[in-house]
Amino acid sequence: AQRVTQPEKLLSVFKGAPVELKCNYSYSGSPELFWYVQYSRQRLQLLLRHISRESIKGFTADLNKGETSFHLKKPFAQEEDSAMYYCALSLVSKGAQKLVFGQGTRLTINP
Amino acid sequence: DSGVTQTPKHLITATGQRVTLRCSPRSGDLSVYWYQQSLDQGLQFLIQYYNGEERAKGNILERFSAQQFPDLHSELNLSSLELGDSALYFCASSVGPTNTGELFFGEGSRLTVL
């Protein structure tokens, strides 16, 4: 079955330290993966997608098909990065789309 | 605000009752998705509509139903409510039916069943 696993419910790091939020997926096809973020009192929103290979707010994520992972990384954490982060896998079939989300990781950046 | 709007924001009801949650998609978006977020679980996909037609179904209970109207707003109906139905229900929208993963989310409707 298609599944997204985020092993850490909570992650706390100090400002300026590197951050890595882990995401592993289970999918037999070619995956399309995303990171969504929800800041305090804001809506869930797309942060980045693997096909774009972009860096958003200093975050990057590399798809590793061998390890079935899509970890989110940032070299130097900032306080405004504190938020809930969700990894998601897009399943497209017969003209429909399902986004399967992981359980989420709450990231706290300590000053 | 031309984003996704959901009403009501909060709803408290009793077991056995029926409620309707409403969602208006972003202007121009034809696809609507419903997700349930319970305390112990992440976002669980319930159902997708595109231009009034059901396109995908997730783990939606038989007690739950949804529809998308000609003006593209959608309603999620939850009946014979149980304590375990207490959750945050999110609506999201996208332009097309398979929109490369970018969904635009509403603020959610928090349902409490007592």
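The values are calculated or read from the model by the stated rules, or taken from the named source; none is laboratory data. None of these values were measured; they are calculated from a predicted model. Here Cβ is always computed from backbone atoms with ideal geometry, including for glycine, and neighbour counts include all displayed protein chains. Only protein heavy atoms, including side chains, enter the accessible area calculation; ligands, DNA and RNA are left aside. Shrake-Rupley method; radii C 1.70, N 1.55, O 1.52, S 1.80 Å.
I'm checking my understanding of the structure. Among residues of region B:1-16 that are surrounded by fewer than 19 Cβ atoms within 10 Å (Cβ to Cβ) and more than 21 Å from B:Leu114 (Cβ to Cβ), which one is nearest to the chain's Cα centre (by Cα)?
Only one residue fits best here, namely B:Thr5.
Where residues in region B:17-29 are among the charged types (D, E, K, R) and part of a loop (DSSP other than H, G, I, E, B), which of them is most open to solvent (accessible area, probe 1.4 Å)?
Keep residues of region B:17-29 that are among the charged types (D, E, K, R), which gives B:18, B:22, B:26, B:29.
If we keep only those that are part of a loop (DSSP other than H, G, I, E, B) too, we end up with B:18, B:26, B:29.
Working: B:Arg18: 151, B:Arg26: 64, B:Asp29: 2 Å².
Checking each candidate, the answer is B:Arg18.
Test of understanding: among B:Leu30, B:Leu111, B:Leu103, which residue is hydrophobic (A, V, I, L, M, F, W, C) and modelled with pLDDT of 95 or more?
Of the residues listed, the single one that is hydrophobic (A, V, I, L, M, F, W, C) and modelled with pLDDT of 95 or more is B:Leu111.
For region B:34-114, please list each of the strands (runs of 3 or more DSSP E) lying entirely inside it that holds at least 3 residues being touching a helix residue (DSSP H, G or I) at 6+ places or on another chain (Cβ under 8 Å), of a type in the set (A, V, I, L, M) and more than 9 Å from every other protein chain (Cβ to nearest Cβ).
Where strands (runs of 3 or more DSSP E) fall fully within region B:34-114, none carries at least 3 residues being touching a helix residue (DSSP H, G or I) at 6+ places or on another chain (Cβ under 8 Å), of a type in the set (A, V, I, L, M) and more than 9 Å from every other protein chain (Cβ to nearest Cβ).
Filter region B:1-16 down to the residues that are part of a loop (DSSP other than H, G, I, E, B), farther than 12 Å from B:Leu111 by Cα and at pLDDT 95 or above and list them by number.
Residues satisfying the conditions are B:Val4, B:Gly16.
I'd like the full set of residues that are more than 7 Å from chain B (Cβ to nearest Cβ) and touching a Ser or Thr at 6+ places or on another chain (Cβ under 9 Å), limited to region A:94-111.
A:Arg106, A:Leu107, A:Thr108, A:Ile109, A:Asn110 - these are the residues of region A:94-111 that are more than 7 Å from chain B (Cβ to nearest Cβ) and touching a Ser or Thr at 6+ places or on another chain (Cβ under 9 Å).
Rundown of residues vs (1) within 26 Å of B:Pro97 (Cα to Cα); (2) open to solvent by less than 10 Å² (accessible area, probe 1.4 Å); (3) of a type in the set (S, T, N, Q), yes/no style:
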{"site": "A:Glu20", "(1), (2), (3)": "no, no, no"}
{"site": "A:Glu32", "(1), (2), (3)": "yes, no, no"}
{"site": "A:Ser40", "(1), (2), (3)": "no, no, yes"}
{"site": "A:Ser55", "(1), (2), (3)": "no, no, yes"}
{"site": "A:Gln78", "(1), (2), (3)": "no, no, yes"}
{"site": "A:Leu91", "(1), (2), (3)": "yes, no, no"}
{"site": "A:Phe101", "(1), (2), (3)": "yes, no, no"}
{"site": "A:Thr105", "(1), (2), (3)": "no, yes, yes"}
{"site": "A:Asn110", "(1), (2), (3)": "no, no, yes"}
